[in-house]
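So the structure is just underneath, and the comments pick up after that.
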Amino acid sequence: MTRGFEIVSKYANENINIPQRSTQQAAGYDFEASADITLPSILSNPFFKGLNVFSLGKLSGIKDNEDLQNILKPVLVPTGIKAYMGEGEYLQLVSRSSGPIKKRIMMPNAVGIVDADYYNNEGNEGEIFFQFINFGLKDVHIKKGERIGQGLFLPYLLADGDESVEKSDRKGGFGSTGQ
């Protein structure tokens, strides 16, 4: 078992496709949405409403920073896929090049990182999600099976002295290491 993809158990009978490369020289594996989902337009998207509220100083109705943070959330698009990989590797998630120009969607984090210990975590079995915001004027409807992003397996290097820093074991799913 070196590196690859599996279907998350709750999607076992949902006709989910394992990510594949589209051409001989393609670097990335194409990920598909595991469900129909709507990405609200800039006109109704809470993310952009939150930015507008913040930038214009219109904070009435916003009780605290947590309220503002909840407004500024992108939409998570599930894939039904998990990835396994070796030590010293990670899976980099990137947007499809056609996303911004054709659909007006982008990943607000620009690049997602899936660590090796995210695989089979107790929080969500390691299901991979893509984050999106829609900066277009119309809602974007993503259909189950539609290609939404790409994943690239890459090595990483460690800094001198890294072995002396105490680290914990992953306990949760998406976003759990930042808590």
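The values are calculated or read from the model by the stated rules, or taken from the named source; none is laboratory data. Keep in mind that what you see is a predicted model, and the values were worked out from it rather than measured. Backbone-built Cβ (ideal geometry, glycine too); neighbour counts: all protein chains shown.
Within the option set K10, K63, K58, K82, being modelled with pLDDT of 95 or more and surrounded by fewer than 15 Cβ atoms within 10 Å (Cβ to Cβ) holds for one residue only, K10.
Scanning segment 105-121 for residues that are more than 15 Å from R147 (Cα to Cα) and either free of Cβ contacts under 8 Å to residues at least 60 places away in the same chain or part of a helix (DSSP H, G or I) (or both) yields N109, A110, V111, G112, I113, V114, A116, D117, Y118, Y119, N120, N121. I37 meets the conditions (1) at pLDDT below 95; (2) buried (at least 18 other Cβ atoms within 10 Å of the Cβ); (3) not acidic (D, E) in every case but one. The failed one is (1). Whenever a residue of segment 2-16 is among the hydroxyl-bearing types (S, T, Y), its partners that are surrounded by 10 or more Cβ atoms within 10 Å (Cβ to Cβ) and part of a loop (DSSP other than H, G, I, E, B), lying with C-beta atoms within less than 7 angstrom and at least six residues away or across chains, give the pairs T2/G86; S9/E125; Y11/S34; Y11/G80.
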